[in-house]
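Here is the structure we will look at.
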Amino acid sequence: MAGAEQPRRAEVDGREFILLTPQEHAKLDAARRQAGAANARSSRLRGELTASLAVVAAIAEQVEASPCTCQVRQPCLRCRLTDLLGRPRSG
């Protein structure tokens, strides 16, 4: 990128530092807070998704254990749920 500014650097006690203006520091701090908030949202959603998947797995087990009653009602609740879960019908 032509014209991109090079960061201002300083050396103190043999250690190199990047110098920021107060505005640059404020922008960097805001970006850090936004990244932290996004990470927190991601962690919360991951937990909610894990809990939801456990519920769906429990429902799938119950559906698979229940009898097919397609002779009484076409299609029966078991078969409709099996279709929704994307599992093959057995019974």
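Quick note: the coordinates plus some simple rules give every number you see, no bench work behind them. Model, not experiment: these values are computed from the prediction. Cβ atoms come from the backbone with ideal geometry, glycine included; neighbour counts cover every protein chain shown.
Just a few scattered comments:
- Among (i) 1.04; (ii) 1.22; (iii) 2.33, the entry derived from the coordinates for Cα Rg over 2.2 N^0.38 Å: (iii)
- Principal-axis analysis of the Cα atoms of the chain puts helix 22-65 at an angle of about 10° to the longest axis.
- Extended-chain gain in nm, criterion 0.36 nm per residue less alpha-carbon gap, residue 21 and residue 80: 15.0 nm
- Label-point separation, residue 49 to residue 62 (7 Å along Cα→Cβ), nm: 2.5
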